[in-house]
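A.B. asks: Below you'll find the structure I mean.
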Amino acid sequence: MMAGDAWDVAASPLFRVWLCGPLVIERRHGTGYQVLPAAIWGGSGYPRRLLKGLLCSPGRQARREVLLDRLWPEVEPEQAASYLNLAATRLRKVLEPGGGLPSLLESQPDGQGYRLPGQEQLWVDAEAALWLLQQAERQPQLPETLIPLLEEAVGYWQRGPFLEGEEGNWVWAKRAIHERAVYRAKLWLAALYEQQGLLSAAEQLLTGVLEEDPTDEDVLELLLRLLGRQGMRHRARRLYEQFQQTLLHEEGRQPGIRVQHVLKQVLDEGSSLSLCAFFVPADSHEVSSKTKRTMSQQSGEDHCSTMNALRRHLLETSWKAIESWSISSLVGPFNGDNSLDQLIPSLLKITPAD
């Protein structure tokens, strides 16, 4: 059941599990849910780990040998088997709905593994978030339809990292899926906010994304455009300078051409952006190239100069065509992540025939 749905006891899951942020498990109680007390776990973290391991497995089921290797890889086999048996016994007790109903934790038919029921009985926030994002992609592209779906999905993800505190390959793969999904959902939601004139909400959302990764040039570009639309030139310049310092400190480089051009647009300096310098090696890189230069390469340099001029002309023409794009034109349900990324490489790879 989604958080915004009307209450229906018959359709409500018996348990709710929150995997984003601190692990929380709730059991249905009357017309609501109650958080399970800490004492029910018996003071052990093993049943929690088993629950996480099963929920991260395909079909919510896994063989014993897989669980042993995944959850206790550095423990002796006999000791690991003891941990798994203890975890299964305790988790069966935790997942008893009451009223004489059997535990949701089941053994596989041959007794060599465990499985859990689906979302209708054991609801998981991370799976609900992915489902909402999928529903948004299938809906008519109308802000009034999409915004509630994306807001609810982002709300689940924003509780914290997926499987907070857990490490290992079995966690990282799943966590990466959710990190990409929430990133995409946030940018899409910000685009819809901007489209609806909710500029402050869009700015707040994008600022949060940039704080999570202070070197994300795509998000910086969207924020600069948004600030420019609101006439906040000073704030845009300050944001760019902070970003520039962070990028130089962490990666030893300057922001890319696209972001620099957007800043110039926002500041409205009234002059065309010259891109020629960005195709010529910086002074620090020219030292090694000069030592390799020979007289026979001089004609090649003349050709390079001509090609740089051609690149500059083509890029400036292209920027004029796209400089009026808003966030909503850069981010969408299907191609929001790579619309400009697909354009730039084609502009930079110019051949003599071009």
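The values are calculated or read from the model by the stated rules, or taken from the named source; none is laboratory data. Since the model is a prediction, treat every value here as computed from it, not as a measurement. Neighbour counts run over all protein chains shown; Cβ positions are idealised from the backbone, glycine included. Calculation scope for accessible area: heavy atoms of the full protein, side chains included, ligands and nucleic acids excluded. Shrake-Rupley method; radii C 1.70, N 1.55, O 1.52, S 1.80 Å.
A.B. asks: Sum up the charges of everything whose Cβ sits under 15 Å from the Cβ of residue 35, counting Lys and Arg as +1 and Asp and Glu as -1, but leave residue 35 out.
C.D. replies: On the way: positive: 16, 27, 28, 48, 159; negative: 26, 125.
The answer is +3.
A.B. asks: Protein chains only, probe 1.4 Å: how do 70, 225 rank by accessible area, largest first? Walk me through the numbers on the way to the answer.
C.D. replies: Values: 70 60, 225 30 Å².
Accessible-area ranking of 70, 225, largest first: 70, 225.
A.B. asks: Sticking with this one: So, counting K/R as plus one and D/E as minus one, what does the shell of residues with Cβ under 14 Å around residue 97 add up to?
C.D. replies: Details: positive: 16, 27, 28, 92, 93; negative: 26, 96, 106, 120.
Counting the neighbours of residue 97, the net charge comes to +1.
A.B. asks: With θ taken as phi - 60° and the coefficients 6.51, -1.76 and 1.60, list the Karplus ³J(HN,Hα) couplings across segment 249-258 in order, rounded to whole Hz; mark glycine and proline as x.
C.D. replies: Ordered by residue, 3J(HN,Hα) equals 6, 8, 10, x, 9, 8, x, x, 4, 4 Hz.
A.B. asks: Once the whole set of protein chains is in place, how much accessible area is left on residue 209, using a 1.4 Å probe, in Å² to the nearest 10?
C.D. replies: Residue 209 exposes around 0 Å² with every protein chain in place.
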